[in-house]
Structure formats: structure tokens, C-alpha cells
Amino acid sequence: MINSDSPAQAQPPKPEPRPKGPVEIVKNGSISIRIYRIAAPKTLDGHAFRFRERIGEQVVRGNSVNLDAIKIEAKRVAKLLSQGITEHVKATDISELLALRQLASELGAPPLAAMQEWAAAKALAGPALLTIAKEHADAVADGRHTRVTHAEAWDRFIAAMDHLGRKGTRTYKSKAKMIQKGLPGGLMLDTLTKKTITAWANKVEHPGTRNELVKRLGTMLRWAQGNDLFPVDRAIPSDGIDRAFEPYSPPGIVTPLQLKSCLEWVRRNHPQYLAALALGSLGGMRSDEIHGKRSDKGKPRADMPRQLWAHIYIKPKADDGACGYFHVSIAKAGTPECRKTPIPAALAAWLALCPRDVDGGNVCIAGAMERVRELLRKADTDLGFPKVQVEIDGEKVSVNDLPDNAFRHAWISHRIPFVGIVQAAAEAGNSPGEIERSYRVPMDIEEARPYWQVMPD
């Protein structure tokens, strides 16, 4: 029972009665589209607007809470219909287009741009697109990693390696540029997937290059994951990608006659490089060990350390045939490169002819072996190498076909028959396995002996 003395309870206002007919009629030519007001309890004022017209076999629809917006859409549809656009377009096509525009407008993007972005993301992530998007959203929400582009990740990684003294620019910069040709630098790092990387890697023609680039990318991604630039709960996407088969390519070496020709030619024409060539071919030293490594950006290469005469000890011939030994001046202690290598009689003889007036007690200038190789390839004298045609400065010229690292490969191959692969590896600063894979050309002692008899005239 309601107390008559109490104030009457407030009653909600009755909704405005819905008009029985259309609130607007939009016309274009012979086409008329009627817009109706409908109940919509979830909207602010309790109603919305729609149109639904059947014109011939075509049915077109539209919905909006804003009357002006739906009038504009109805005018656009009426114009299309009056121009006969629907002769080859199904009703569902127009409905889908309207729905796409509505969805795109809610996201604040034009429909075409939205579809282009979706297509690009789908091509990269494939079926995992929503999974990756969710992982990213979760990671950002939890502050677990910072989003960066592929290019930014490489820049940070290389800078970090440089800061640690690990030659980041020299080791990784050129590889990073090659990788970013196929995996654009503008991609967000956390969108990279195994499928994306595999599709790129399969387009790299040379199998050795492919394997090397995938390996370098994996190194960067592991660093990024450890530095909060890649989700920690995701597997490194480059891991598990199958390596391409690399056909065996026998290492190129020089024969005793070719070595003799090269040494004599350098002795006569460029004696300042003779020590470098002799140490490489008869001492087995790496080029970087002889003439110094490439310098970091902004640092003169001439400042990089090289082999010193002070670390070459020539002595009378011993019972084992050695005429002393040398240490590698730039080798880091505790590494295989830090080694003691015997000096054979042939090396001692050639070193005795070398000038020793290079500044700082170095055996040669910076980059000497690179210059030696260039000079030998272009030498007019017959050095015993096959001739090949190459393009230099836009002109095809005939040069000596001098294989890469031919002198060090030759030293190792001719040394193994006398001391075995384990001892030869120790003297070369390599592992036996690496020598077996990449350096050795099999031969017996009789084949190897003439190499150590290459003496100056």
C-alpha cells in the first residue's frame, strides 16, 4: 500500500514514438532509398537509422546512429544504383563494401589503406598474425620488451658489439645491409617469424651466403631477446631453419713453380712486399696477421698492429730442418692464433733478402698482402696461372686466376704430409676439423717436397 502522503515516485520518460514511415527519402534519378528510425536501446538517445532497399534483384543495407551520416551513404548508394553499377555487382558486394567502410571508419583508417596494411601483415606472419599481435600486446602491456624496427635492432646490436671491442661494424654491418634487402628495416622486430625468415632465405641464391646470413640474424635476435627488444617467451624464429647444402669446393693452392714465379717477380718489382708474401706462402700466416686487420670507422688503418721483425727469430739450421721460429705479433694470448711456428730453410732464405726499413719495425705496410694479390693478378709476366676475363673500371681485361687464400692453403696442404694434420693445425692456428673442411688438398710427401725447395735464384 502506498502512503498517500509520500511524494509520487519518478517515472522514466516514455520514448518518443517511432514514426511509421521513413524519416528521409534520398533520390537519385529513378532510384529512391527510404531511411527509417529504429529502436536501439544501447545508443545514447535510444534509436538509430537504417535503410534496406530491394531494387530489382539487388538488396542494399546501411546502419548508423547519425542521420546525416546515413543520408550521405544512402546518396552514394543511390548514385551507384542509378548509374547501373550493380549490373555486374552482387548485392552482397555492396553490403560487404558498406560493412568494410563502417569497420574501417571505426578504426580511423581508410578502407584501402587498412586492407593494404592487413595484407602486408598477413604475408609476413601468415596464420600466426593474431597470435603475434596478441603476444605483442601482452608484452607491451607487461613492459616485457621495447618495440623497435628491424633496422634499429641492428644499429643497437652493432653499437653494443663495438662498445665491447668485438668489431661489430666490421663483422656485422655489411651482413645487416644484405639481410635488410630481403627483410626491410622498417619491419617491427617482434613481427619476424620463422615463416617470414624462411621465405626470405630461400631467395638467397648462394647456399653459403644463405647459411651465413641466417646465422648472423640469429645472433642478433638472441642479443635482442637478452636486451628486452624481443619477447623472451618466444623461440628465436631463425632457429631450426634448415641449412642449405653447400657443394664441396676444393681450396685453391699454388704449385711450387707458381710460388717460385710469384716470389721472384715480387722480389724484382716490389721488394717492399717480399716479406709479406714469403710469410704467407712459406710461413702459413694469415693475411691479417701479416699486414694488420681492417681498422674501425674513423681510425687510420696504418695504426693497426702488424707482424714485427722482432718476433721473427732466424737461426742456423737445426736437426729437424728448422731455421728458427716466429711468433704472431698481433695474436691474443690464450687463443690458437698465439702460436710458435718453425721457419723452414726456404723461408729463411727469402726473408734474408727482404728490406727492413718499414716504420715501427713492421715487416710490411698496412694491407700489403691485398696489394700483393692485386699486383700478381695484373702482372704481365707469365706466372704460370690460367688467364680469366674480368671487368675492371668498365673494361674487360685478362688477369691471372689466383685463387683466394691460395698461399696459406698451399702452406697447410704441403705441410701436413711431413708433420700430420694435428701438428700442422697447431702451427697454422686452426683446428684440425676446420683444416680438413676448408684448407687441405690431399698429397703425399713426394708431391709436397718440391714446395719446400723453392729457393731464391
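For an R0 of 51 angstrom, estimate the FRET efficiency from the Cβ-Cβ distance between Leu130 and Asp359 and round to the nearest 0.05. In this case the efficiency is close to 0.20.
Between Asp320 and Ala159, what is the FRET efficiency for a Förster distance of 56 Å, r being their Cβ-Cβ separation, to the nearest 0.05? Once the sixth-power term is evaluated, E becomes 0.70. Between the helical axis of 129-142 and the longest alpha-carbon principal axis of the chain there is an angle of about 90 degrees.
Using a probe of 1.4 angstrom, how much of the accessible area of the chain is carbon and sulfur, in percent?
Values: 14260 of 26550 Å².
The value for the chain is 54 percent carbon and sulfur by accessible area.
Each Lys and Arg contributes +1 and each Asp and Glu -1, all at the Cβ; summed about the Cα centre of the chain, the dipole is approximately 1140 debye.
The C-alpha atoms of the chain define a longest principal axis, and helix 368-378 lies at about 90 degrees to it. Name the residues of segment 333-353 whose amide N is less than 20 Å from a point 7 angstrom out from the Cα of His311 along the C-beta direction? Taking a point 7 Å out along Cα→Cβ of His311, the residues of segment 333-353 whose backbone N falls under 20 Å are 333-344, 347-348, 351-352. Hydrodynamic estimate: the Kirkwood radius of segment 262-327 over Cα pairs, inserted into Stokes-Einstein at 20 °C and 1.002 mPa s, corresponds to D of 158 µm²/s. Per the Debye calculation on segment 163-299 with a single equal scatterer at every Cα and no solvent contribution, log₁₀ I(q)/I(0) for q = 0.11, 0.15, 0.16 Å⁻¹ amounts to -0.64, -0.89, -0.94. Modelled spin-label separation between Ala244 and Arg101, with each label point placed 7 Å from Cα along the Cα-to-Cβ direction: 4.8 nm. Heavy-atom accessible surface of Cys338, to the nearest 10 Å², is about 80 Å², with a 1.4 Å probe and all protein chains retained.
Cα axis of helix 67-82 to longest principal axis of the chain: angle in degrees, 0 to 90, nearest 10? The angle comes out near 80 degrees. Along Cα→Cβ, 7 Å out, is where each label goes; now give me the distance between the ones at Glu205 and Gln116 in nm to one decimal. With each label point 7 Å from Cα toward Cβ, the separation is 3.1 nm. With a cut-off of 16 Å on the backbone N, the residues of segment 176-199 near the modelled label site 7 Å out from Thr219 along Cα-Cβ are 176-180. With contacts defined as alpha carbon pairs under 8 Å and 6 or more residues apart, what's the relative contact order of the chain in percent? Averaging sequence separation for qualifying contacts and normalising by length gives 10 percent for the chain.
Would you work out if segment 219-269 is rounded, prolate or oblate? Take a ≥ b ≥ c from the square roots of the eigenvalues of the alpha-carbon gyration tensor; rounded if a/c is under 1.5, else prolate when a/b is larger than b/c, oblate otherwise. Show your work: numbers first, answer last.
Numbers: a/c = 10.05, a/b = 2.79, b/c = 3.60.
Judged from the Cα gyration tensor, segment 219-269 comes out oblate (a/c at least 1.5, b/c at or above a/b).
Only one of (1) 23.0, 78; (2) 38.1, 135; (3) 23.5, 90 was calculated from the structure for Rg and Dmax of the Cα atoms in Å, and its label is (2).
With the Cα gyration tensor of segment 266-382 giving a ≥ b ≥ c as the square roots of its eigenvalues, does the rule (a/c under 1.5 for rounded; else a/b larger than b/c for prolate; else oblate) give rounded, prolate or oblate?
Values: a/c = 1.86, a/b = 1.12, b/c = 1.65.
Judged from the Cα gyration tensor, segment 266-382 comes out oblate (a/c at least 1.5, b/c at or above a/b).
By the gyration tensor of its Cα atoms, with a ≥ b ≥ c the square roots of the eigenvalues, what is the shape of segment 329-383: rounded for a/c under 1.5, prolate for a/b over b/c, or oblate?
Values: a/c = 1.72, a/b = 1.56, b/c = 1.10.
Cα axes put segment 329-383 in the prolate bin.
Suppose accessible area is computed on protein heavy atoms with a 1.4 Å probe; arrange Trp154, Trp265 from highest to lowest. Please report the intermediate quantities before stating the final value.
Working: Trp154 0, Trp265 25 Å².
I get Trp265, Trp154, largest accessible area first.
For segment 257-328, the solvent-accessible area works out to 46 Å² per residue, with a probe of 1.4 Å and every protein chain left in place.
With the dipole of segment 263-363 worked out from charges on the C-beta (+1 for Lys and Arg, -1 for Asp and Glu) around the Cα centre, which of Tyr313, Val358, Thr341 lies farthest toward the positive end? The listed residue farthest towards the positive side: Val358.
Hey, for a label at Phe418 modelled as a point 7 Å past Cα toward Cβ, could you say which residues of segment 429-457 have their backbone N under 15 Å away? From segment 429-457, the list is 443-456. Straight-distance candidates among the aspartates and glutamates for linking to Lys79, with alpha-carbon spacing under 15 Å and chain neighbours fewer than 8 residues away dropped: Glu53, Glu87.
The values are calculated or read from the model by the stated rules, or taken from the named source; none is laboratory data. Bear in mind that the values here come from a model prediction, so they are computed numbers and not experimental data. Glycine also receives a Cβ, built like all others from the backbone with ideal geometry; neighbour counts cover every protein chain displayed. Only protein heavy atoms, including side chains, enter the accessible area calculation; ligands, DNA and RNA are left aside. Shrake-Rupley method; radii C 1.70, N 1.55, O 1.52, S 1.80 Å.
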